[in-house]
Amino acid sequence: MTGGEAIRMIGAMQDITQEKLLKDELLQSEERFKGAFNHSSLGMALVNYEDKWIEVNDRMCEILGYTREEFKNLTYIDITFKEDLAADLAYEKQMQNGEISSFNLEKRYIHKNKSLVWVHLSVSAVKNSLGEIQHYVAQVIDISKRKRMEEENRLLIEEKNRNKALQLIEAKNWYRLLADNTIDLVCLHNLDASFKYVSPSIQSLLGYDPEELIGKYPEDYVHPEDLKKFKKRIGSIIKDKELFSEQVRLRNSEGEYIWFETNASLVYENKIPVSFQSSTRDITQRKKAEQIIEDTLLQERQLNELRTNLVSTISHEFRTPMTTIRTSAELITMYLQNSQFNEALQIEKRVKTITEEIDRIVELMDAVLTISKDDAGKTSFNPIVCNLNEICKDVIETSFNNQKDNRNVDVLFKSNKVEIFADINLIKYTLFNVLSNAFKYSEGCGNVQLNLFTVDDLVQIDVIDNGIGIPKEEQSKLFNTFYRASNSNGIQGTGLGLYIIKMFTKKNSGRVYLESELGKGTKVTLRFPLYKN
Amino acid sequence: MTKVLIIDDEVNLRETIAEMLSYTGYHVCIAKDGIEGLTKVVEFQPNIIICDVMMPELDGYGFVEQHKNSKYANVPVVLLTAKVEQKDEEYGLSLGVKAYIRKPFTFKDLQEKISLYANKV
C-alpha cells in the first residue's frame with residue numbers, strides 16, 4: 001500500500017468445504033444434543049469446575065423451581081441440603097483425584113420455595129484430551145414422591161412399633177399387677193431354680209419378704225420328706241421340658257410346714273428356655289378335706305371289715321350247733337322209723353320242719369356272708385376264658401337232673417362253644433340260683449327252659465318258667481336285699497338271691513334282666529360279652 | 001364192721017354223729033382234738049377218720065399234716081368243717097384228704113363218703 005492507495009490486492013482462496021461441513025455437522029450435533037438436553041424427562045445440568053451451574057434443562061428448573069438465570073448465580077453447594085453435602089463433596093473429590101469417573105447418590109436439594117426435594121443424582125465427569133475435568137454432567141430424577149412414601153411407611157411402622165411397645169409395657173404392667181396382687185405365690189426362676197422374682201403374696205403365705213428370697217433356692221424351703229420328688233420334678237422340667245404339678249410342704253418363716261401345690265412351666269425366649277415360672281397355692285384346706293375323706297374311708301373300711309368278720313364268725317359259730325340240731329333231727333327220724341309211736345307221723349313232720357328251718361337259716365347265713373364279703377371287697381374273682389355251654393351243662397347235671405317231681409331243664413343251645421371271660425364259680429352260683437328260682441316258683445307248671453344264643457358280641461342266656469310270675473309293680477324292687485314278692489308266701493327264700501345274682505353278674509361284666517307276667521311265668525335273662533382273642 | 005374215728009371239739013356234735021353212725025352199724029370212736037385224735041388212731045386203728053378243722057390245741061389241718069407222716073398214713077381222712085369257702089376246700093384237698101364236707105351235712109352225704117373212701121375191712 002502506498003500513500004493510502006491500494007496498489008494490489010492479494011487474494012487467497014481456501015477450500016473450506018470440509019470445514020464448513022464439519023461445522024455444520026458440529027452445529028447439528030450440538031442442536032441435537034441441546035434438543036435432547038432440553039427435552040429430556042430427566043433433570044440435566046452441566047456444572048463447571050467451580051461447582052457453578054453452566055447449563056440446566058427445563059426439567060431441572062421444574063424440579064428445583066429456579067429459573068435458568070437464577071441457576072447461573074448459584075453453585076450446587078448453595079442449594080444442597082446441609083446434611084447431604086458431605087457425601088456429595090466426598091464423591092467430587094474422588095472424581096478430581098481420578099479415583100472414580102462417575103457416581104450415584106440420593107440427596108436432597110433446597111427448592112426455591114425452601115422445601116427439600118429428594119433426587120437421585122448421577123454425575124459423570126467430562127474430560128479434555130489431557131484428561132483434565134472440563135465439567136460435570138449431572139442427571140437428576142425427582143424421587144421425592146417415593147421418598148415421601150417411604151417416609152410415610154417408616155412413620156407408620158414407627159407408630160406401630162411405638163404402639164406395640166406401649167401395649168407390651170401395658171401388658172407387662174398388668175401381669176406385674178396380677179402377680180403382685182394374686183393370692184397364689186407366683187415366681188420366676190433362673191434355670192438353676194433360684195428365685196428371680198417372687199410375688200408379694202409370699203408375705204401372707206409364708207411370712208417372707210419377697211426380696212429376701214431372690215437368688216435363693218426353693219429346695220431350701222421344701223420339707224425333707226418331699227425334697228426327693230421335688231428335686232426330681234425340677235430336674236425334669238429343665239431336662240425333659242415337662243410341665244409339673246406337685247404337692248409339697250414348704251417351711252414358713254416360723255419354721256412350720258404348710259401344704260402347697262405348685263405348678264411350673266418353662267419360659268422361652270426365641271425358642272430357647274431362659275427361665276421357668278411357678279405358681280403355688282396353699283392347699284391346707286384341701287389336704288384337710290382329703291384327710292377327712294381318707295379317715296372316713298378308712299373307718300368305713302374298718303367297719304366293713306368288722307362287719308364281715310362278725311358275719312363270718314357268726315356264720316362259723318352258728319354252723320356247728322346247726323349241724324348238731326340237724327343231725328339230731330335226722331337221728332330222731334331214724335329212731336322213729338324203727339319204733340311204734342302213736343304220734344310217730346306227727347313227730348316226724350315236726351322233725352322235718354326243724355330240718356327245713358335249719359336249712360333255711362344256713363342258706364340265709366350263707367347269703368349274708370356272701371354279700372358282706374363282697375362289701376368288704378373280699379369276693380374272690382379269678383376270671384378265665386371259659387365255655388359257657390359246658391358250665392350250663394355242668395350246673396344242670398350236678399344240681400337239677402334229679403328233681404323230686406321229675407321235672408327237667410329243657411336246654412337249647414343255639415350257639416356252640418360260646419366263650420366268655422369270667423369267674424367260673426360266680427357264673428355257676430348265678431346259674432344255680434336263677435335255675436333254682438325258676439323251679440321253686442313254678443311247681444307243677446312243667447319244665448324250665450334254658451336257651452343260650454349269641455347276639456352281636458354278646459351271649460344271652462334266657463331261663464324261662466311257666467310259674468306264678470311276679471306282680472308288675474314289684475318287679476323293679478326284686479333286686480333289692482330282703483325283698484320278696486307278695487305272692488311268694490309259702491315258698492322259702494332269703495330275699496337275697498337276685499341281689500347276689502346281680503352282684504356276681506356285674507362282676508363278670510354281664511347284666512341281668514327280668515320279665516314276668518303274673519300267673520304266666522318269668523324269664524330271667526343274663527347277658528355277657530363274648531370273649532374275643 | 002367199718003371203724004370210724006370222729007375228731008371234733010364240740011361234745012354235742014361228736015356224740016350225735018357217733019350215735020348216728022353207731023345206730024347205722026359202724027364201730028365208732030371219738031376224740032376231742034387233733035392230739036387226742038393222733039393217739040386214738042394208734043389205739044383204735046380206724047378204717048376212716050372224720051375230722052373237724054377248727055379245734056383248740058391241734059386243729060384239723062395240723063392233724064392231717066402229722067397223720068400223713070405217721071405209720072397210719074394209709075387211713076383216709078375226710079374233713080368235716082364250718083369253713084365253707086371255696087378256698088378253704090381247695091386248701092383242705094391240697095393236704096391230701098379224701099373229701100371235704102361242709103357243715104351242716106346230711107347223713108346221706110356222710111354215709112356216701114364213708115362207703116366211698118373207708119379202707120375195706
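Just add up the charged neighbours of residue A:57: K/R +1, D/E -1, any other residue whose Cβ is under 15 Å from the Cβ of residue A:57.
So the environment of residue A:57 carries a net charge of -3.
Report, as an integer, the average count of C-beta atoms from other chains found within 10 Å of each Cβ along A:360-373. Walk me through the numbers before you get to the answer.
Details: counts 0, 1, 4, 0, 0, 1, 2, 0, 0, 2, 1, 0, 0, 1.
The shielding value for this peptide is 1.
Hey, any idea what % of the range A:425-533's accessible area is carbon plus sulfur with a 1.4 Å probe?
Heavy-atom surface of the range A:425-533 belonging to carbon and sulfur, 1.4 Å probe: 49 percent.
Accessible area per residue, 1.4 Å probe, Å², for chain B: what's the number?
The answer is 46 Å² per residue.
Compute, for the protein assembly as shown, the length of the dipole vector about the Cα centre, with Cβ point charges of +1 (Lys, Arg) and -1 (Asp, Glu) only. Units Debye, rounded to 20.
It works out to roughly 1300 debye.
Please work out the FRET efficiency for the pair residue A:285 and residue A:451, using the Cβ-Cβ distance as r and a Förster radius of 56 Å; give the result to the nearest 0.05.
0.45
List the lysines whose Cα sits under 27 Å from the Cα of residue A:271, skipping any in the same chain fewer than 8 residues away.
A:160, A:164, A:172, A:196, A:216, A:231, A:232, A:239, A:241
In terms of Cα to Cα distance under 24 Å, which lysines are near enough to residue A:52, apart from those fewer than 8 places away along the same chain?
Result set, ordered by chain and number: A:34, A:72, A:82, A:93, A:107, A:112, A:114, A:127.
Using just the helices of chain B, give the 222 nm mean residue ellipticity in deg cm²/dmol: DSSP H runs with n ≥ 4 each add -39,500 (n - 2.57), and the total is spread over all residues, rounded to 500.
My calculation for chain B gives -13000 deg cm²/dmol from helical runs alone.
Provide the net charge surrounding residue A:249, with neighbours chosen by a C-beta distance below 10 Å and charges set as Lys +1, Arg +1, Asp -1, Glu -1. Each step should come with its number before you reach the end.
Details: positive: A:251, A:287; negative: A:225, A:226, A:256.
Net local charge, residue A:249 excluded: -1.
Looking at A:190, A:289, A:453, which one has the Cα that reaches farthest to the positive end of the dipole of the protein assembly as shown (charges on Cβ: Lys, Arg +1; Asp, Glu -1)?
A:453
Post the alpha-carbon centroid distance, the range B:22-89 to the range A:349-426, in whole angstrom.
Using only Cα atoms, the two centres lie 30 Å from each other.
Magnitude of the Cβ-charge dipole of the range A:321-385, K/R +1 and D/E -1, about the Cα centre, nearest 20 debye?
80 debye
Which of A:393/B:32; A:229/A:373; A:477/A:532; A:352/B:98 have a Cα-Cα distance over 32 Å?
Working: A:393/B:32 42 Å; A:229/A:373 38 Å; A:477/A:532 34 Å; A:352/B:98 30 Å.
Result: A:393/B:32; A:229/A:373; A:477/A:532 exceed 32 Å.
At a probe radius of 1.4 Å, what is the per-residue accessible area of residue A:396, in Å² to the nearest 10?
10 Å²
State the extension gain, in nm to one decimal, for the chain segment bounded by residue A:336 and residue A:163, taking 0.36 nm per residue of separation less the distance between their alpha-carbons.
Working: separation 173, 0.36 × 173 = 62.28 nm, distance 11.22 nm.
So the extension gain works out to 51.1 nm.
In whole percent, what relative contact order does the range A:340-435 give with Cα contacts below 8 Å and a gap of six or more residues?
It rounds to 32 percent for the range A:340-435.
Please give the Cα centre distance for the range A:503-533 versus the range A:186-226, rounded to the nearest Å.
61 Å
On the full set of protein chains, 1.4 Å probe, figure out the accessible area of residue B:3 and give it in Å² to the nearest 10.
It works out to around 60 Å².
Got the relative contact order for chain B handy, in percent, Cα pairs under 8 Å and 6 or more residues apart?
Numbers: 211 pairs, mean separation 28.7, N = 121.
This gives 24 percent for chain B.
Which whole-number percent gives the relative contact order of the range A:398-472, counting Cα pairs below 8 Å spaced six or more residues apart?
With pairs under 8 Å counted, the relative contact order is 33 percent.
Provide the per-residue ³J(HN,Hα) series for the range A:449-456, in order, calculated from phi with Karplus coefficients 6.51, -1.76, 1.60 and θ = phi - 60°, each as a whole number of Hz, with x at glycine and proline positions.
Running phi through 6.51 cos²θ - 1.76 cosθ + 1.60 with θ = phi - 60° gives 9, 10, 10, 10, 7, 10, 10, 6 Hz.
Need the full-extension length gain, residue A:309 to residue A:399, defined as separation in residues times 0.36 nm minus the C-alpha distance. One decimal, nm.
Full-extension gain reported as 29.4 nm.
Need one value for B:8-18: mean number of C-beta atoms belonging to other chains within 10 Å of its residues' C-beta atoms.
So the per-residue partner count for this stretch is 4.
Among A:298, A:236, A:257, whose Cα sits farthest toward the positive end of the charge dipole of the range A:226-320 (+1 at Cβ of Lys/Arg, -1 at Cβ of Asp/Glu, about the Cα centre)?
A:236
When Lys and Arg each count +1 and Asp and Glu each count -1, what net charge do the other residues less than 13 Å away from residue A:195, Cβ to Cβ, add up to?
So the environment of residue A:195 carries a net charge of -4.
Could you pull out every residue, at least 5 positions away or on a different chain, whose amide H is within less than 5 Å of the one on residue B:31? Hs are placed 1.01 Å off N in the peptide plane, and Pro or chain starts have none.
B:6, B:7, B:8
Take the solvent-accessible surface of the protein heavy atoms, probe 1.4 Å, and return the percent of it on the range A:224-295 that carbon and sulfur atoms account for. Walk me through the numbers on the way to the answer.
Values: 2380 of 4720 Å².
Answer for the range A:224-295: carbon and sulfur cover 50 percent of the accessible area.
Peptides B:8-18, A:503-513, A:342-352, A:218-228: what's the order by average Cβ count within 10 Å, highest mean first?
B:8-18, A:503-513, A:218-228, A:342-352
What does the convex hull of the alpha-carbon atoms of the protein assembly as shown project to on average, in nm²?
70.9 nm²
For the range A:316-336, which residues drop by 20 square angstrom or more in accessible area between the chain on its own and all protein chains together (1.4 Å probe)?
Those are A:316, A:319, A:320, A:323, A:324, A:326, A:327, A:330, A:331, A:334, A:335, which lose 20 Å² or more relative to the chain on its own.
Given a Förster distance of 35 angstrom, what is the FRET efficiency for residue A:425 paired with residue A:474, based on the Cβ-Cβ distance and rounded to 0.05?
Rounded to the nearest 0.05, the efficiency is 0.70.
How big is the B/A interface in buried accessible area, both sides summed, 1.4 Å probe, to the nearest 100 Å²?
On the way: alone 6450 and 34100 Å², together 38690 Å².
In total, this chain pair buries about 1900 Å².
What average number of partner chain Cβ atoms lie no more than 10 Å from the Cβ of the residues making up B:107-116?
Details: counts 6, 1, 0, 2, 0, 0, 0, 0, 0, 0.
Mean number of neighbouring Cβ atoms from other chains: 1.
Counting only helical runs of four or more DSSP H residues, what would the 222 nm mean residue ellipticity of chain A come to if each run contributes -39,500 (n - 2.57) and the total is spread over all its residues?
Taking each H run of at least 4 residues, the total per residue is -15000 deg cm²/dmol.
The values are calculated or read from the model by the stated rules, or taken from the named source; none is laboratory data. Since the structure is predicted, the reported quantities are computational estimates derived from the model, not experimental observations. FYI the Cβ positions are ideal-geometry reconstructions off the backbone, even for glycines, and counts take in every protein chain you see. In case anyone asks, the SASA skips ligands and DNA or RNA and just uses the protein heavy atoms, side chains included. Shrake-Rupley method; radii C 1.70, N 1.55, O 1.52, S 1.80 Å.
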